[in-house]
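Below: one structure, written as structure tokens.
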Amino acid sequence: MRFLIYISLLTLLSIVLFYSLNVGYYRGELYYYNLVNEGGLSSYLSSLFRFDLIVAILNFSLLVLSCIFLSKNKHNNFKFRFYTLTGYFLFNFTNSLVFAIKNYIRNYYDVFELNVFVVLLKTYGGVVNLVYITPLILSGAMMLLFMLFAKKGVIKYIERNDIF
């Protein structure tokens, strides 16, 4: 029963993260270009940072829940849980990579987003590029942290079952 609860929570977090990156993160709307022309550049940039904070919280929640899920294992299903969680993290990483590529194309090739991005670069410099790739950096870091945590679990699993 706990297994289904953990899987449901992990799936819910992944869906919310997927939705946040693909639907809740608009870049190319004319509203933002009008906002920049009206002098609201700092509020636009703060909304980007706010979004990155939400993505960071979701990634951290996914990491914590995954580590709890992996540590509450029975020795006979450790591999299944590990591969399931690796699938969640790979999905998250792939989604963040697609998000970064999609925003790069929007920022450098689309007409109305290019204007906003150029103004942001002139005003705030290269730090703006970090805002756009933060989800990719976060998902990679969280996947690495999970693998480090899982490595300890794999070592315990091997010692417990005398595999080598």
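Values quoted throughout were computed directly from the atomic coordinates according to the rules given, and no laboratory measurement underlies them. As the structure is a prediction and not an experimental result, all values here were calculated from the model. We place every Cβ from the backbone using ideal geometry, glycine too, and count neighbours over all the protein chains shown.
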Completion exercise
Each label sits 7 Å from Cα toward the beta-carbon; between Ile15 and Lys122 the label points are separated, in nm, by 4.4
Exercise for the section: Give me the distance in nm between label points sitting 7 Å out from Cα along the Cα-to-Cβ direction at Tyr83 and Phe60, one decimal. Expected result: 3.3
Practice task
Treat the count of other C-beta atoms within 10 Å as a stand-in for reagent exposure and order Ser66, Ser14 from fewest to most.
Solution key: Ser14, Ser66
Completion exercise
Given a Förster distance of 35 Å, the FRET efficiency implied by the Cβ-Cβ spacing of Val131 and Ile5, rounded to the nearest 0.05, works out to 0.50
Exercise for the section: Please give, to one decimal in nm, the separation of the simple spin-label points placed at Phe91 and Leu148, each 7 Å out from Cα toward the Cβ. Expected result: 2.6
